[in-house]
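For reference, the structure discussed in these notes is given below.
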């Protein structure tokens, strides 16, 4: 996103609003993501909006602070909301913001530790993987290329 990234977390006070939230967001030109039905996306006047809905929380992400505040106002007129804070934790993941670099970092270590604890594996030792951790993976943009069929062990 652009230099003025903004992300906030708000709580919707009223319960059972999923159909109303869906209808309202569609009415203001948000499109529900095919990849994840909890994510809504809109682009208005070169401003990108992402709204992530999880139970009674909204995560608002926008590349323009003024437009984000306008969207918060629009949502608060429709739904009873309270502003919780800038986002630091969500679904067990830590979210860090580097304002100088205009970047977000998502750290899943707390989430991973919780999963390991559930399976009584928190004392297991890490092992090396045969991939350089600094390797940057890229999405295959050529859809004609088929993945090479290789047997895995």
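The values are calculated or read from the model by the stated rules, or taken from the named source; none is laboratory data. Note that the structure is a prediction, hence the values are computed from the model and not measured. Cβ: placed from backbone, ideal geometry, glycine included. Neighbour counts: every protein chain shown.
Just a few scattered comments:
- Pairs, first within 19 Å of residue 94 (Cβ to Cβ) in region 113-131, second assigned to a helix (DSSP H, G or I), C-beta under 8 Å, six or more apart: 122/113; 122/116
- Whichever residue in region 100-128 is in a helix (DSSP H, G or I) and within 28 Å of residue 63 (Cα to Cα) and, among such residues, is nearest to the chain's Cα centre (by Cα): 111
- Each residue in region 1-45 was checked for being under 20 Å from residue 102 (Cβ atoms), at pLDDT 85 or above and either out of contact with any strand residue (DSSP E or B) (no Cβ under 7 Å at 6 or more places or on another chain) or exposed (fewer than 13 other Cβ atoms within 10 Å of the Cβ) (or both), and 1 of them qualify.
- Close pairs from region 62-81: first more than 17 Å from residue 44 (Cβ to Cβ), partner modelled with pLDDT under 85 and assigned to a loop (DSSP other than H, G, I, E, B), Cβ under 8 Å, at least 6 apart: 79/13; 79/14; 79/17; 80/13; 80/14; 81/13
- When region 54-68 is limited to residues that are surrounded by 11 or more Cβ atoms within 10 Å (Cβ to Cβ) and out of contact with any strand residue (DSSP E or B) (no Cβ under 7 Å at 6 or more places or on another chain), the one that is nearest to residue 29 (Cα to Cα) turns out to be 66.
- The listed residue being surrounded by 12 or more Cβ atoms within 10 Å (Cβ to Cβ) and in contact with a helix residue (DSSP H, G or I) (Cβ under 9 Å, 6 or more places away or on another chain), out of 93, 121, 71: 93
- Checklist (1) in a strand (DSSP E or B); (2) under 26 Å from residue 20 (Cβ atoms) applied to residue 97, failing item: (2)
Okay, residues lined up against (1) closer than 29 Å to residue 18 by Cβ; (2) modelled with pLDDT of 80 or more:
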{"site": "47", "(1), (2)": "yes, yes"}
{"site": "63", "(1), (2)": "yes, yes"}
{"site": "71", "(1), (2)": "yes, yes"}
{"site": "80", "(1), (2)": "yes, no"}
{"site": "133", "(1), (2)": "no, no"}
{"site": "146", "(1), (2)": "no, no"}
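- Verdict on residue 107 being touching a strand residue (DSSP E or B) at 6+ places or on another chain (Cβ under 6 Å) and closer than 19 Å to residue 25 by Cα: no
- Residue 100 being modelled with pLDDT of 80 or more and in contact with a helix residue (DSSP H, G or I) (Cβ under 9 Å, 6 or more places away or on another chain): no
- Within region 46-56, restricting attention to residues that are more than 12 Å from the chain's Cα centre (by Cα) and in a strand (DSSP E or B), the residue that is nearest to residue 96 (Cα to Cα) is 48.
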